[in-house]
């Protein structure tokens, strides 16, 4: 894949809508440890990075708006080194913890939070390498 310094160097890049892009960037950095890499306009968009992943924070405009309180349309999964410490960091900044760090049968420890505008985030720490068949999954492609 060609590189372009104007686009995050990740294959899949979620774009999440917030009513105040600058506030969201500050909050996501403080709560989850994201780092801003590119600001586009004063309050239009921002590209963030976390490890080798990326996220674009977009402004509410036209048909783009933050999640509604009556349902969840999506969630974002982010891998971290220390799930419990990450959860405490997010909690200290005001993230609403939906599920506490929990050891899952597929070798991950995960917790889920809601951010300042209602987006759901799951953070996952690998505890052990497991074949999907060990917990009821099925490997389709290597």
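The values are calculated or read from the model by the stated rules, or taken from the named source; none is laboratory data. Please read all numbers here as calculations on a predicted model, not as lab measurements. Heads up, the Cβs are rebuilt from the backbone with ideal geometry, glycines too, and the neighbour counts pull from every protein chain shown.
Going by what's in this entry, would residue 28 be described as under 16 Å from the mean Cα position of the chain (by Cα) and part of a strand (DSSP E or B)? Please lay out each step first, then the result.
On the way: under 16 Å from the mean Cα position of the chain (by Cα): yes; part of a strand (DSSP E or B): no.
No; evaluated as a whole, the condition is false for this residue.
Results for (1) at pLDDT below 95; (2) farther than 20 Å from residue 108 by Cα; (3) surrounded by fewer than 17 Cβ atoms within 10 Å (Cβ to Cβ), shown as yes or no for each residue.
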position: 24; (1), (2), (3): no, yes, no
position: 32; (1), (2), (3): no, no, no
position: 35; (1), (2), (3): no, yes, yes
position: 41; (1), (2), (3): yes, yes, yes
position: 57; (1), (2), (3): no, yes, no
position: 60; (1), (2), (3): yes, yes, yes
position: 82; (1), (2), (3): no, no, yes
position: 86; (1), (2), (3): no, no, no
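Quick test of your reading of the structure: residue 68 fulfils all but one of (1) touching a residue at least 40 places away in the same chain (Cβ under 8 Å); (2) over 16 Å from the mean Cα position of the chain (by Cα); (3) surrounded by 13 or more Cβ atoms within 10 Å (Cβ to Cβ). Name the failing condition by number.
(3)
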